[in-house]
Structures are given as structure tokens and as C-alpha cells.
There are 2 protein chains.
Amino acid sequence: MPPFDVPEGDPFGPHNLPYGVFSPAGSDSAERRVGVRLGDHVLDAGAAARALGSPYASVLARPTLNPLLAAGRTVWSDVRRALTGWVTVPAHRQVVEPFLHPLSSVTMHLPFEVADYVDFYASENHARNVGQIFRPDAADSLTPNWKHLPIGYHGRSGTVVVSGTDVVRPSGQRKAPTDEAPVFGPSVRLDIEAEVGFVVGTPSELGRPVALGDFQEHVFGLCLLNDWSARDIQAWEYVPLGPFLGKSFATSVSAWITPLDALDDARVAPPARTHALLPYLDDSGEEPGGYDLRISVAINGHVVSEPPFSGMYWTAAQQLAHMTVNGASLRTGDLYGSGTVSGPTERERGSLLELTWNGRDPLELPDGKRAFLEDGDVVTMTAWAPGPNGLRVGLGEVTGRVVPRD
Amino acid sequence: MPPFDVPEGDPFGPHNLPYGVFSPAGSDSAERRVGVRLGDHVLDAGAAARALGSPYASVLARPTLNPLLAAGRTVWSDVRRALTGWVTVPAHRQVVEPFLHPLSSVTMHLPFEVADYVDFYASENHARNVGQIFRPDAADSLTPNWKHLPIGYHGRSGTVVVSGTDVVRPSGQRKAPTDEAPVFGPSVRLDIEAEVGFVVGTPSELGRPVALGDFQEHVFGLCLLNDWSARDIQAWEYVPLGPFLGKSFATSVSAWITPLDALDDARVAPPARTHALLPYLDDSGEEPGGYDLRISVAINGHVVSEPPFSGMYWTAAQQLAHMTVNGASLRTGDLYGSGTVSGPTERERGSLLELTWNGRDPLELPDGKRAFLEDGDVVTMTAWAPGPNGLRVGLGEVTGRVVPRD
């Protein structure tokens with residue numbers, strides 16, 4: 001089948017066009033190019049732009065998405081419009097066809113240089129589950145601040161890796177309540193967290209908060225994100241300054257960044273707010289800030305959970321407004337995670353901690369029981385969103401295999 | 001006085017030679033050069049290297065220290081040896097003299113691109129003071145993990161600023177125990193934290209911990225660091241995931257990075273360990289891991305504290321080993337802060353939180369009382385270390401003025 005003839009209903013049709021960075025077959029992995037996904041092909045966007053004499057070659061013929069991210073909302077929309085033409089208008093198709101590579105032949109890379117990485121905690125179901133597991137005697141499973149601000153913390157941007165990268169099981173200190181002293185060894189409670197990551201394009205100035213309504217000016221797009229977590233390391237280290245080594249060994253992101261422009265039909269209102277919000281977070285007068293993303297989490301090909309992103313209490317726009325309200329500036333390449341996505345039912349929980357209720361109720365997989373991850377396990381997250389004309393917009397998968405330290 | 005004739009006993013003599021990045025007088029601030037400080041002059045190191053035909057022009061004739069940082073320990077030592085010759089040997093002096101700029105005439109910049117920023121919590125006196133202030137009824141002022149691992153967390157690298165940068169008072173949510181709901185406004189408990197920052201040069205591989213003994217292979221040098229903190233914002237937000245907006249608005253570092261090679265005479269043994277350490281942290285068989293740095297903190301020119309770095313319980317080598325023991329990789333430009341430096345006496349506390357005991361005992365300054373910082377206050381930290389032949393090694397100052405948001 002000619003590469004442009006994407007099957008009807010393909011979630012990576014011309015209505016989607018996510019961006020990534022790839023090396024063509026047979027090239028050195030240092031040879032990196034911006035690619036745009038169409039069905040099961042990748043368009044070398046820089047080469048196509050040059051062949052067509054497009055002015056956008058300056059942001060597309062690059063080894064990373066950062067120049068495109070830095071170019072700002074107007075350029076993002078213009079480039080998307082141009083790309084749509086290149087893959088749909090016959091005269092353009094003819095010119096760019098030589099620059100299509102089969103997806104199966106290329107190597108995908110981390111699509112942008114991550115500046116700061118922040119992780120939030122925005123699912124009420126997740127936060128309540130965690131509260132009930134770790135503080136069973138508390139009057140409220142949420143901490144008192146939870147409904148007033150989107151809780152977040154900084155993570156390690158240097159260990160953000162692209163989908164497909166093996167994850168080495170981390171070692172570290174852990175201490176069970178019954179242990180007299182901490183012991184050291186490979187984590188025995190290695191977990192996942194199904195999240196959505198938001199990618200900042202347009203920077204902001206130090207000392208100048210970004211308002212709720214300016215979300216689309218600063219955020220380019222989103223990706224799937226697996227916030228690998230070693231629960232035993234985390235439990236022992238995290239009081240009083242938060243998670244550190246329990247998270248910093250790896251954070252996987254999908255190879256494809258879906259532009260917000262592809263997700264206009266997926267916008268939904270967030271859940272009704274149960275507490276009055278301070279003005280900088282009050283989104284009652286704003287465009288709907290949620291996104292209806294249907295996530296699926298599989299272990300070794302077996303689906304274990306389908307977390308719905310639409311139920312997240314805090315929106316990405318609120319997270320951005322909160323993150324900058326103290327005057328903190330944004331940089332091109334900043335990445336922030338939504339926090340674990342968990343829905344109200346058991347089958348919608350985004351972590352093994354919740355799915356197995358801290359290991360009490362192991363999952364029954366075709367290849368045996370799982371309380372937490374075993375070496376060799378492959379975790380794969382996929383997602384789609386409602387698109388135009390009844391189409392689905394596919395998000396790139398994020399996958400990774402757990403390997404022991406050699 | 002000729003610029004090479006540094007007064008006897010000057011803490012920035014040829015025994016020191018810290019590195020920074022400057023713009024010469026009258027140039028655009030985009031014109032950046034690596035500078036080496038000698039007394040009250042800055043040597044344009046790249047221009048000097050070129051004039052002398054030095055092979056080190058490749059790492060010195062750059063707009064940032066990152067290429068030098070990435071070059072590794074052998075190059076660091078060789079470059080330092082070369083520089084020492086350039087500023088002491090008469091034949092070389094003659095060649096490089098045109099490349100000396102009066103310090104007062106240049107503009108200093110952030111000397112390196114910060115990759116990840118981590119902040120530790122390594123002073124036992126500080127941790128006990130904080131514990132007593134915030135958990136007065138606890139049986140132990142330290143959390144149970146404190147003596148077993150160097151507690152740390154990731155901070156915002158995008159808001160690390162160079163000494164001299166104004167700090168805009170952050171706004172945010174705060175909630176006193178008696179308040180029914182949080183309120184929003186400028187922080188009313190703006191504080192400082194006197195710290196030492198360590199700068200990573202040589203990167204490490206994902207999945208490969210860095211051993212205690214490899215500290216000097218990876219860490220290039222150190223600087224002074226002021227971890228500005230909004231105590232009211234921090235108190236409301238930090239449970240359960242740690243500090244976020246209470247810290248992320250600004251972290252100031254000195255313009256000068258002192259190479260570890262200049263501090264060999266300042267190495268001291270850390271305090272006796274009261275708890276057995278796991279092997280990866282056990283430094284009993286290692287070279288002394290502490291540094292005898294004498295810090296001074298002044299508000300509007302009035303010295304309020306003299307925190308001694310030599311008493312830090314956890315060393316920078318232990319922090320590096322801990323930070324990577326889970327397999328997290330290092331990048332060139334990673335920065336990690338020691339945590340607030342506080343000594344055992346009242347006059348040695350490194351934060352206003354401790355100096356005023358959470359505002360209960362305001363400081364008496366010549367211009368009035370201070371519980372926390374007021375707009376217009378200028379905070380300046382300086383330090384020196386014992387050097388060779390009885391000389392002092394000066395660290396670059398870190399200073400910043402608090403300004404209201406306009």
C-alpha cells in the first residue's frame with residue numbers, strides 16, 4: 001500500500017501528526033532528524049521542508065524538537081497547517097514521498113532536551129488510594145492542602161528516557177518497620193505510574209507568573225509518561241523532603257509528542273470543584289481544561305488497567321499557573337507530569353501499588369502473579385483521544401523492560 | 001599597582017584561581033568569556049590561551065564553563081597548572097597582561113549551564129533546629145532516616161541565578177493553623193539558607209553508581225549558594241511530596257567556581273559517625289571528605305552568622321555516592337547543594353528560621369529588627385578556606401537583594 005494511504009480510522013492519520021526525533025535505518029544514532037508520524041511511516045520533516053522550499057526548514061531540519069518548541073504558538077499552528085498540506089495535497093505528496101521511512105526501520109530518540117522536570121499528583125482517586133494505603137487511620141485520605149493547590153515536586157530531568165529504553169532495577173536503602181536498621185539491595189517493590197507529560201515550548205520571564213488562560217501559548221503538546229517508582233526506597237527516604245532516589249533512576253516518555261492542536265476535540269471540563277479556588281487557579285470562566293485521554297496499561301502484553309485522564313481533578317493549565325505563580329520561569333523543554341492517572345474503579349488504577357493494594361492482592365497474569373514488577377517484565381502504555389469526525393487521535397506508546405543490574 | 005602584584009595574603013592570589021564567566025566592559029552581555037580571577041582582576045582565559053598557543057584554548061575560549069567541566073579531572077589539573085604559570089612566570093605574564101580586566105569593570109554571568117539541581121540537608125545542627133521548631137513534641141528532633149542516608153530532593157535548575165541578581169519576593173498560598181482557608185499574597189516569611197554548592201564535571205552512565213572514592217573524578221569544584229526559601233509557602237505545600245514553590249523562585253550561586261584542586265589544604269575529617277553506615281556510604285577508609293570552609297552571612301552589610309562547613313555530618317562525596325546509588329546518571333553541569341550550614345552555637349546558624357527561632361527572637365540590626373527578610377534587604381555570603389603556606393583561599397561571594405514584585 002502506498003505510504004500515504006493510511007487505513008481509514010488509523011489513529012495516526014493526517015488529523016494527528018505527532019512529532020518525534022529519529023535516525024534513519026543504517027545511520028549512526030548521532031544522525032538525528034525531526035520526524036512526523038503518519039500511519040506506520042515517519043516523514044523526515046526537515047528534508048521535506050527543504051525540498052518544498054518551506055521557511056520552516058529552519059525549525060524542522062534539526063536534531064531535536066527544541067527549536068520548534070521555542071518558536072511559539074503561531075509557528076506551531078503554521079507548521080502543522082503546512083505539514084497537513086504536505087501529506088494530503090497530491091502535488092506536495094509527490095515531492096515529500098522520498099522522505100517517508102517505515103516506522104519499523106528507524107530508531108527513535110528522546111524528542112527534546114528536557115529542561116526542568118516536575119511531577120504532579122492531580123488524580124483524586126490516586127491520592128485517596130495512596131492515603132488509605134499509607135495512612136489508614138487518618139480522618140481524611142487527602143492531606144489538607146490537596147483540594148487547594150496542585151501538589152507537585154521536581155524530578156530528575158537527566159534520567160528522562162525515551163520509550164523502549166531498558167530500565168535497570170534500582171538498588172537502594174529500605175527499612176521495614178520491623179527492621180532494626182536499613183538494608184541495601186535491589187528494590188523489591190518496583191512499580192509504574194501511568195501519567196501524561198506536558199511539554200513547554202515558549203519560555204517565560206523570571207518573576208512573571210503565567211496565567212491560566214495562557215496555557216496554550218506556552219505548552220506545545222503532550223506525551224505518555226511512565227514514572228517508574230521503587231516503593232521500598234521511596235517509603236524510607238521521603239520524609240520530610242519528598243521522593244528522591246525512589247523515582248530518579250528513570251522516567252520514560254513516549255517517542256511522539258502530540259501537539260495540543262491535534263487534541264481540540266478531546267477537551268473536556270474537569271470534575272466539579274468541591275472547594276473554592278484562589279483566583280489564579282479558578283478555571284470556572286476558562287475553556288475546558290481537561291483532556292479526554294483513554295489510557296491502557298499492559299504488562300507483557302496483558303492489559304491490567306485502563307485509567308481515564310478526563311477525571312483528573314487538576315488540569316494541566318492549573319498546574320502551569322501554580323508552578324509559575326511564585327515567579328518561577330519556564331524554559332523551552334520543561335516537562336511536567338500529571339501525576340498517576342487513576343479512575344474510580346479497580347480496573348482504572350494507574351499503579352501496581354493501587355492495583356494490588358500495596359501487594360496484598362497480586363494481579364493474576366497469564367505468566368503468574370504480580371505484586372510488583374519482576375525482571376524481564378515489559379510495561380507498555382498506550383492511549384487515544386477523541387478526534388475530528390469520529391476519528392481517534394493516537395498517542396505514542398511508552399514501553400520499557402525491567403532488567404537487573406549486571 | 002600592576003595587576004599581577006596581588007597583595008600578600010590576598011585570598012584570590014595565584015594559589016586560588018577560581019573560574020567564572022564574564023562580559024568585558026562595554027560589551028554586549030551576549031559576549032561571554034571564561035575568566036579566571038586574580039586579586040581584583042579577571043583574566044580572559046581563552047584570549048590568554050590563544051595568545052600563548054595553548055591547546056587549552058579549546059576549552060577556555062568558550063562562553064560557558066561547560067566544555068571545561070566536561071573535559072575531566074586530568075584536563076582540570078593540567079589547565080590549572082598552565083594558568084598558574086601564565087600568572088606567575090614573567091615571560092608568560094607579559095603575554096597575558098593585555099587580557100586582564102579590572103573586576104569592577106566586568107559583568108559576571110551564571111558560570112555554567114545547570115543540568116539537574118539537587119539540594120541536601122546535611123547539617124545535623126540545622127536538621128535538629130528545624131525539627132525542634134516544627135515538631136517540638138517529637139521524641140527525636142531528627143527523622144529516623146537522617147543518620148542513615150543524606151536526605152535530598154530535586155530543585156529547579158531553571159531558576160538558579162548568579163550572585164547579584166535581584167530576587168523578586170514570591171507570592172503564593174499560605175495557611176496559618178488558625179486560618180479556615182489558605183490566603184494568597186507575597187510571602188511574609190522570606191528566608192535564606194547558607195549553603196555550599198558542588199558542580200559536577202564528568203558525567204556518569206545510567207545504571208552505574210559512582211563510588212565514594214570517585215568523588216574527585218566527577219566533581220570539578222564548589223561555590224557558595226543561597227537557597228532562598230519562603231517559609232510560609234513551604235509550610236503549607238510540602239506534605240507529602242516536599243518543598244516546591246517555597247524554593248523554586250530563585251537559588252543564587254556565586255559567580256566564581258573554586259576548583260577542588262585549590263582546596264586540598266582545607267580537607268578535614270567529618271564529625272564522628274554515631275550510626276553504622278551501609279558500605280556505599282562508609283567513608284571510614286577514605287581520604288577526609290569534609291572541607292573547612294568558614295562562611296559569613298551579612299544582611300545589609302551587618303554580619304549575622306558565621307556557619308562552619310567543617311561540621312557537616314554528610315560529605316559531598318557521600319552525597320554524590322547516594323545520589324547515584326540507584327543508577328541515576330550524572331551530567332556535566334549538575335549542581336548539588338550541601339543543605340543549610342549551621343553550627344552548634346546561635347551565632348553559627350545558616351537561616352533566619354533558626355537565627356530568630358521561627359521569628360520569635362528577631363535579630364537586632366542597625367536598621368531595625370528582622371524576623372524574616374524585608375524588601376530592599378541585601379543578603380551577602382562570603383567564605384574562605386585554609387590554603388597552602390598559611391594563605392586563605394577566598395570563595396566568591398553570593399549576594400542578592402530582595403525586591404517586591406512590580
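The values are calculated or read from the model by the stated rules, or taken from the named source; none is laboratory data. Keep in mind that this is a model prediction, so the values were computed, not measured. Ideal geometry is used to build each Cβ from the backbone, glycine not excepted, and the neighbour counts take in all protein chains shown. These area figures cover heavy atoms from the full protein model, side chains too; ligands, DNA and RNA do not enter into them. Shrake-Rupley method; radii C 1.70, N 1.55, O 1.52, S 1.80 Å.
Here are the numbers:
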item: Residues whose placed amide H lies under 5 Å from that of A:Gly337, excluding near-sequence neighbours; result: A:Val118, A:Asp119, A:Phe120, A:Phe198
item: Mean shadow area of chain B, taken as a quarter of the surface of its Cα convex hull (nm²); result: 21.0 nm²
item: The protein assembly as shown - accessible surface per residue (Å², probe 1.4 Å); result: 36 Å²
item: Total charge dipole magnitude, chain A, about the Cα centre, Cβ charges on Lys, Arg, Asp, Glu only, Debye to nearest 20; result: 420 debye
item: Pairs of alpha carbons in the stretch B:19-109 whose separation is greater than 15 Å (percent); result: 55 percent
item: For chain B, built as a Gaussian network whose Cα springs stay under 10 Å, the top-fluctuating residue of B:Arg62, B:Arg73, B:Arg273; result: B:Arg273
item: Position A:Pro136, label points 7 Å along Cα→Cβ, spacing to each other copy in nm (shortest first, one decimal); result: 3.4
item: Cross-link partners of A:Lys247 among lysines (Cα-Cα below 27 Å; sequence separation of 8 or more within a chain); result: A:Lys147, A:Lys175, A:Lys369, B:Lys147, B:Lys247
item: For B:Leu224, distant residues with modelled amide H under 5 Å away; result: B:Gly197, B:Ser254, B:Gly396
item: HN-Hα J in Hz across the stretch A:367-376 - Karplus 6.51, -1.76, 1.60, θ = phi - 60°, x for Gly and Pro; result: 9, x, 7, 9, 8, 9, 6, 9, 4, x
item: Threshold 30 Å² - residues in the stretch B:293-334 whose accessible area is reduced by that much or more when the chain is no longer isolated, probe 1.4 Å; result: B:His322, B:Met323, B:Val325, B:Asn326, B:Ala328, B:Ser329, B:Arg331
item: CD proxy at 222 nm, helix term only [per DSSP H run n ≥ 4: -39500 (n - 2.57); per residue of chain A; nearest 500]; result: -5000 deg cm²/dmol
item: The stretch B:1-97, accessible surface, carbon-and-sulfur percent (1.4 angstrom probe); result: 52 percent
item: Filtered trypsin sites (Lys or Arg not before Pro), the stretch A:101-202: DSSP coil and at most 12 other beta carbons within 10 Å; result: none
item: The stretch B:54-65 - phi-based ³J(HN,Hα) in whole Hz, Karplus 6.51/-1.76/1.60, Gly and Pro as x; result: 6, x, 7, 4, 5, 9, 9, 8, 9, x, 8, 7
item: Percent carbon-and-sulfur accessible area, the stretch B:117-403, ignoring ligands, DNA and RNA, probe 1.4 Å; result: 50 percent
item: Residue (of B:Asn326, B:Gly301, B:Tyr336) at the positive-pole extreme of chain B, dipole from beta-carbon charges; result: B:Asn326
item: A:Ser27 paired with B:Leu365, simple spin-label distance in nm, labels 7 Å along Cα-to-beta-carbon; result: 5.7 nm
item: Principal axis dimensions, the protein assembly as shown - Cα atoms, whole angstrom, descending; result: 81, 64, 54
item: Copy-to-copy label separations for A:Arg273, where each label sits 7 Å from Cα toward Cβ, in nm and ascending; result: 5.0
item: Percentage relative contact order, the stretch B:117-403, counting C-alpha pairs under 8 Å, at least six apart; result: 28 percent
item: Distant-in-sequence amide H partners of A:Leu365 (H built 1.01 Å from N, under 5 Å); result: A:Arg370
item: Per-residue ³J(HN,Hα) for the stretch A:113-127, Karplus 6.51 cos²θ - 1.76 cosθ + 1.60, θ = phi - 60°, Hz, x for Gly and Pro; result: 7, 6, 7, 9, 10, 10, 10, 9, 7, 9, 8, 5, 4, 4, 4
item: Calculated P(r) of the stretch B:103-224 - Cα pairs past 19 Å, %; result: 68 percent
item: Loop sites in the stretch A:295-387: trypsin sites (Lys or Arg not before Pro), DSSP, at most 11 other Cβ within 10 Å; result: A:Arg360
item: 7 Å along Cα→Cβ, label-point gaps from A:Pro366 to other copies, nm, shortest first; result: 7.9
item: Interface size B-A, as summed buried accessible area [1.4 Å probe, Å², nearest 100]; result: 5400 Å²
item: Exposure rule at most 13 other beta-carbon atoms within 10 Å, DSSP loop GluC sites (Glu not before Pro): chain A longest free segment; result: A:206-406
item: Euclidean distance of C-alpha centroids, the stretch B:261-286 and the stretch A:39-77, integer Å; result: 52 Å
item: A from B by rotation - nearest chain B beta carbon to the axis, in Å; result: B:Gly242, 1
